[in-house]
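One structure is given below, encoded as structure tokens.
The values are calculated or read from the model by the stated rules, or taken from the named source; none is laboratory data. Every value quoted in this text rests on a predicted model; they were computed, and no experiment measured them. Note that each Cβ is placed from the backbone with ideal geometry, even for glycine, and that neighbours are counted across all protein chains shown.
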């Protein structure tokens with residue numbers, strides 16, 4: 001049995017998570033897997049009520065008692081410091097050593113891309129972002145803060161171990177999926193010490209993976225290339241900061257954050273899946289949040305559990321919804337969160353029930 005911890009979190013998190021659970025129910029009822037899930041009260045409401053973000057015991061339980069975590073969103077204006085979000089999300093990322101941030105950015109329908117030639121040159125990109133080092137490590141400090149002479153230092157920490165394992169994850173994924181292009185992105189001309197580590201490690205690891213093409217690119221050139229040549233890259237591996245920026249750019253080019261899923265992984269050990277759109281407090285409660293990213297996270301979760309065909313099916317159903325304009329306002333549609341989620345769950349159930357389909361064998 002696969003045990004899943006559900007953390008709806010804040011804002012639209014609970015709204016999109018409700019629709020993700022609809023999909024899980026369809027899959028469970030169809031016998032795709034022996035799925036079980038439990039909702040966790042972690043978020044702003046609990047923090048405001050008790051003053052507790054997350055305890056050591058809760059961290060341990062999430063690490064030991066569950067096969068995966070499905071997170072809706074964290075962030076609430078009632079907690080201006082976002083202390084709870086930092087403790088929970090970054091705490092899970094670092095304490096579970098979720099060193100792979102995997103962001104698939106695939107254009108499912110040309111109408112949702114802001115690129116004029118999106119239909120002719122659709123993007124199908126996989127970003128592997130190092131998730132535990134870089135400037136997000138919190139190393140640095142301030143001197144003479146609040147004065148005209150203030151100095152602020154933020155360190156960019158990169159280790160050989162951290163760089164090598166994310167590069168290996170990217171190459172391993174490409175080999176497993178039959179892809180032949182891996183691009184490493186850095187800013188070695190401006191950051192020579194970090195750049196040297198990344199480039200030397202990338203070169204050494206690439207020699208173990210005889211793919212058709214390996215490239216290194218500066219991050220500014222890559223940002224331009226994603227717009228100019230959206231179909232030129234397959235797998236991109238990069239640092240924490242650059243991966244954060246490039247994956248959001250790629251998400252916008254393929255339809256926006258409302259359709260962008262992500263996985264935070266320590267392969268073979270821990271996994272956390274979350275839509276990347278955040279808690280969106282400005283639209284919370286309006287019924288207009290896009291549930292597609294959360295639903296596609298279920299697809300990534302099922303792939304992680306060994307049911308790759310389910311991920312393909314869910315992507316196909318979401319594509320059908322896009323083609324039929326079954327979308328929320330962010331994609332130009334007039335449907336509610338509930339209506340989109342119900343349509344996708346119903347369509348998935350119909351597909352699974354079709355003659356000749358054997359979900360248990362997926």
Notebook entry, point to check: With respect to the numbered conditions (1) on the phi < 0 side of the Ramachandran plot; (2) without any contact (Cβ under 8 Å) to a residue 24 or more places away in the chain, which one is the sole condition not fulfilled by residue 146?
Noted result: (1)
Next item on the list: Please enumerate the residues belonging to segment 47-60 that are surrounded by fewer than 18 Cβ atoms within 10 Å (Cβ to Cβ) and under 14 Å from residue 76 (Cα atoms).
Entry: 48, 49
Notebook entry, point to check: How many of the residues making up segment 15-37 are under 13 Å from residue 350 (Cα atoms) and either crowded, with 22+ Cβ neighbours inside 10 Å or touching a helix residue (DSSP H, G or I) at 6+ places or on another chain (Cβ under 6 Å) (or both)?
Noted result: 4
Notebook entry, point to check: Do we have any residue at all in segment 328-339 that's in the same structural domain as residue 93 (by TED's automatic domain parsing) and in contact with a strand residue (DSSP E or B) (Cβ under 8 Å, 6 or more places away or on another chain)?
Noted result: no
Check: Which condition breaks for residue 42 when tested against (1) part of a helix (DSSP H, G or I); (2) under 20 Å from residue 278 (Cβ atoms); (3) within 22 Å of the chain's Cα centre (by Cα)?
Finding: (1)
Check: Within segment 148-157, how many residues are over 23 Å from the mean Cα position of the chain (by Cα) and either outside the structural domain of residue 132 (by TED's automatic domain parsing) or in a loop (DSSP other than H, G, I, E, B) (or both)?
Finding: 4
Check: Limited to segment 278-311, what total is found for residues that are touching a strand residue (DSSP E or B) at 6+ places or on another chain (Cβ under 8 Å), assigned to a loop (DSSP other than H, G, I, E, B) and crowded, with 24+ Cβ neighbours inside 10 Å?
Finding: 1
Check: Give me the pairs: first residue in segment 34-57 and under 13 Å from residue 89 (Cβ atoms), second residue loosely packed, with under 12 Cβ neighbours inside 10 Å, beta-carbon distance under 8 Å, and six or more apart or on different chains, which are they?
Finding: 44/78
Note to self: I'd like the full set of residues that are part of a helix (DSSP H, G or I), touching a helix residue (DSSP H, G or I) at 6+ places or on another chain (Cβ under 7 Å) and under 12 Å from residue 19 (Cβ atoms), limited to segment 315-341.
What the structure shows: 318, 321, 337, 340, 341
